[in-house]
1. Is it the case, given these coordinates, that LEU172 is closer than 27 Å to TYR83 by Cβ and free of Cβ contacts under 8 Å to residues at least 60 places away in the same chain?
2. Exactly one condition in (1) surrounded by 13 or more Cβ atoms within 10 Å (Cβ to Cβ); (2) at pLDDT below 95; (3) not polar (S, T, N, Q) is not met by PRO18; state its number.
3. Do we find a residue being among the hydrophobic types (A, V, I, L, M, F, W, C), surrounded by 14 or more Cβ atoms within 10 Å (Cβ to Cβ) and more than 25 Å from LEU168 (Cα to Cα) anywhere in segment 54-61?
4. Could you tell me which residue of segment 120-175 is surrounded by the fewest Cβ atoms within 10 Å (Cβ to Cβ), considering only residues that are part of a strand (DSSP E or B) and among the β-branched types (Val, Ile, Thr)?
5. Just to be sure I understand the filter: pairs with C-beta atoms under 6 Å, separated by 6 or more residues or on different chains, first member in segment 93-120 and over 14 Å from ALA68 (Cβ atoms), second member charged (D, E, K, R) and outside any helix (DSSP H, G or I). Which pairs pass?
6. From the list TYR27, TYR83, exactly one residue is within 27 Å of VAL147 (Cβ to Cβ), touching a residue at least 12 places away in the same chain (Cβ under 8 Å) and among the hydroxyl-bearing types (Ser, Thr, Tyr). Which is it?
Amino acid sequence: MVSVILPLMADTPGPAEPSLEEQIAAYQREFQGLDPQVERVVSALSRLNRRMNVAYGRQTAELGISNAEWEVLKALVLAGEPYHLGPGDLAKRLGLTPAAMTHRIDRMVAEGLVTRERDETNRVRVIVGITEEGRAKWLEGLRMATVFEGDLLQDLSTAERALLGELLTRLLRRVEDAQPDAGGRLSDLD
């Protein structure tokens with residue numbers, strides 16, 4: 001089996017990103033109050049998140065969709081059958097303004113990934129639903145992500161995976177408790 005984890009910075013022109021050790025040393029030089037253990041964890045998580053987003057972006061690009069469109073499809077699937085949500089509900093779940101959500105839905109309707117119809121019980125309300133093509137792209141993207149994620153965690157034992165999942169979930173809960181409004185974006189990107 002060919003590994004899906006590729007060097008992400010190999011073709012990037014310019015100076016390479018400093019190693020974590022180099023970054024922490026520079027931070028400690030500039031700010032003596034820095035806890036190097038905390039900085040290692042936070043910097044590693046940040047770099048991992050950035051690289052995973054690049055990898056996922058490459059996968060969704062192979063499918064002919066963007067990460068942003070993948071997130072809409074995911075939200076509709078997570079809503080459960082019949083895989084419908086109102087644009088306002090989608091915007092809240094994705095942390096977008098209604099205008100940004102409308103723009104995204106317009107694009108996805110044109111691409112055949114979602115439908116937009118009037119609610120038969122309330123003609124003022126609009127409902128967005130996933131199409132067969134949208135669901136097929138979501139499933140293929142999930143399959144691709146599963147392979148990538150399995151490769152990513154291949155060196156961890158089952159117990160280590162469970163512990164890592166527990167620790168990261170605790171960190172996530174702390175951030176969610178401290179900043180419950182931080183689930184969205186600071187600004188709309190598309």
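The values are calculated or read from the model by the stated rules, or taken from the named source; none is laboratory data. Quick caveat: nothing in here was measured; it's all calculated off a predicted structure. Here the Cβ is made from the backbone with ideal geometry for all residues, glycine too, and neighbour counts use every protein chain on show.
1. For LEU172, the condition - closer than 27 Å to TYR83 by Cβ and free of Cβ contacts under 8 Å to residues at least 60 places away in the same chain - is met.
2. PRO18 satisfies every listed condition except (1).
3. no
4. VAL124
5. VAL109/ARG116; ASP119/ARG125
6. TYR83
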